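**Student:** Would you mind keeping the following structure in view while I ask a few things?
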Amino acid sequence: MAHHALSESAYDRRRLRQWVRGEARTAGLKRRDMLGLLAAAGAAAPFAAAGSASAAGPASAGAREAPAAGARTVSAAAPGIVKPLPPELFTVRGTNAETVFSSLRGTGVLTPADRFFVRNHTSTPRIDAQGWELTVWGSGLGGGPVRFSYDDLRALPATTATAFVECAGNGRSFYATQQGQPVSGTAWTLGAIGVARWRGVRLGEVLRRAGVSRHAVDVLPRGLDDEVVSAGVNLGRVRRPLPIAKAMDDVLVAYEMNGEPLPPDHGYPVRLVVPGWVGISSVKWLGDIEVGDAPLYSPWNTDMYRLFGPDHPPGGSAPLTRQTLKSAFELDRDATLPARRPVLLTGRSWSGAAPVREVEISTDGGVRWRRARLHDVPRPGSWVRWSATWVPPAPGPAVLLARAADRAGRTQPEASAHNTQGYLFDAVVRHPVTVV
Ligand code: MTE
C-alpha cells in the first residue's frame, strides 16, 4: 500500500508538471479548446439551476434529458443499454442507468448484474468473442504488437477479485442540492456504484507476455464502443492512461462478473477492472492497449477526471486515481415510516483508500450519533453492509445521516470540496424521510 501510494503521487507530480508546461496534447485537441468546450457544456446544462438531471456528462455524446431526480418514469429506457431497466431497479440518466439504492436491500455484498449501474459514454456495442482480439502495442514493448484471442486469455492463469466499480461523479447531484454549488455532468445520487466478483487475468501477466520493457511508463487501454462526440468535437474512443506501477499491480483483464461471462453492458467480452480507482479507469469492451515509454494522454486524463475550479491548480489537479469515502441508506428518499414502531435501517459504506473502520448514523439530523452494526468484514475495494434499529418517536419530517471512517484515517466531512465537474463527492448525505 505505502509503496503504491508513493509511486502514485510521484507519477501525479510528474504529470502535473508536464501538464502545466503544456506538454499534454490529446489527439489533435488542445487543452484550451477542451476547457472552452467543457465550460460551454457546463453553461448549457447547469442542472443545479434547472433542478433536473443533466443527461450528458461533459464527454457524453447523447444530449437527452433525463427525468428529474425523484420523478421516476414508468417505462425506463436508456438508448444503447441492452439489459432491462425496470424503474424499481434503475433511474435512467441519459445514456446511463443508476442503481436504485433501496433495491440493494437484502442482496449480498455482490451486486447482481440485473441491478448493477451502467455508465456508457455512447452505447453498448454487441461484440462476438470469437472474432475478438486484444492488441497490445507501443513504444513500451520490447518488440512489435502482440494479439490475444478470447481463448488465449482464458487459457492464461486466472485470478478473481471482489472490487467495486464506482463512477468518479457518484453523488454529484448533492453538490447542487446540498451545497448549492453548480456542477456539470450526470446528476447521480449515490447509485453509480456496484461491487462484483471479477475473474480474469492480471493485466501485469498480459503485459509481461506482450514483452513489456523496463522503459514502459504508461498504458492506455481503449474501448471498442463508438467514438465520443461532445459539442461537435470527436474525442475518439474511450481511453484513459494508467501508470505502469498500477497496471502491473492489481488490475484485472476481466472476462467474468459474479461467475458469468461479462454481460454486454458491463464490457463483454473483456474489460479492465482497476480496484479502488475511479470507474473511468475500468475500460469496458477492451480492444487494444498502448504501452508507452513516455507519458500518454487522452481527454480522460487531461480535461476530464481532474479537479477544476478556484480551489484547484490552474491546470486542474493531478488525474484522479482513488475513489473517496461514502455511505448510503438502502431506503428511498422521502420514504414513509410508521411512528413508534421499530424499523431496521440498513445501508452500505465504502472507500477507495482502505477498508471501512466504523459507521455511525444519526436519526435527528446530525445532533446525536450512534454506531451502526457492521455485517461484513471490512475489505479493501469493497463495501460493508450495516444496520441500526430506530423507533421513530413522532409523526413529522426527519433527516437520517450515515457517516463512515476508513482505516486510512479518512472520515466523511459535512461538505465536499467543490470542483466544477462535481467529482469525488464525499460529504455526509442528508436523507429525508417522513414519519406518519
Ligand atoms: N469503457 C468504455 N469503453 N466506454 C465507457 O463509456 N465508461 C466508464 C468505464 N469504462 C466507459 C468505460 C465509466 S465512466 C465507468 S463509471 C465505468 O465504465 C462503468 O462501468 P459499468 O457500466 O460496468 O458500471
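Derivation of every value follows stated rules applied to the coordinates shown; laboratory data play no part. Small disclaimer: the values here were computed from a predicted structure and weren't measured. Because the Cβ atoms are built from the backbone with ideal geometry, glycine has one as well, and the counts that use them run over all protein chains shown.
**Student:** Applying the Karplus parametrisation 6.51 cos²θ - 1.76 cosθ + 1.60 with θ = phi - 60° to the phi angles of the stretch 83-93, what ³J(HN,Hα) value in whole Hz is obtained for each residue in order, glycine and proline being reported as x?
**Tutor:** Whole-Hz 3J(HN,Hα) from phi for the stretch 83-93: 6, x, 10, x, x, 6, 10, 9, 10, 7, 10.
**Student:** Given the C-alpha centroids of the stretch 367-382 and the stretch 187-254, what is the distance between them in whole angstrom?
**Tutor:** If you average the Cα positions of each part, the centres end up 30 Å apart.
**Student:** Show me the ranking of peptides 269-276, 243-250, 160-167, 106-113 by mean Cβ neighbours inside 10 Å, starting with the highest. Display every interim value, and only then the final one.
**Tutor:** Numbers: 269-276: 24.6, 243-250: 20.6, 160-167: 22.2, 106-113: 15.4.
Top to bottom by mean Cβ count within 10 Å: 269-276, 160-167, 243-250, 106-113.
**Student:** Take the alpha carbon gyration tensor of the stretch 387-436, find the square roots of its eigenvalues, order them as a ≥ b ≥ c, and report rounded if a/c is under 1.5; if not, report prolate when a/b exceeds b/c, else oblate.
**Tutor:** oblate
**Student:** Under the rule of at least 5 residues apart or a separate chain, name every residue whose amide H is placed under 5 Å from the amide H of SER282.
**Tutor:** VAL274
**Student:** Kindly identify the stretch 286-400 as rounded, prolate or oblate by the Cα gyration tensor criterion: order the square roots of the eigenvalues as a ≥ b ≥ c, call it rounded if a/c is under 1.5, otherwise compare a/b with b/c, prolate if a/b is larger, else oblate. Show your work: numbers first, answer last.
**Tutor:** On the way: a/c = 3.12, a/b = 2.24, b/c = 1.39.
Cα axes put the stretch 286-400 in the prolate bin.
**Student:** Mind ordering 407-413, 117-123, 183-189 by average Cβ neighbours within 10 Å, highest first?
**Tutor:** Top of the packing list down: 183-189, 117-123, 407-413.
**Student:** Could you compute the net charge surrounding ARG385? Neighbours are other residues with a C-beta less than 11 Å from the C-beta of ARG385; K and R count +1, D and E count -1.
**Tutor:** +1
**Student:** For the stretch 189-248, what does the alpha-carbon gyration tensor say about shape, rounded, prolate or oblate, given a ≥ b ≥ c as the root eigenvalues, a/c under 1.5 as rounded, and a/b over b/c as prolate?
**Tutor:** Note, shape of the stretch 189-248 comes out oblate.
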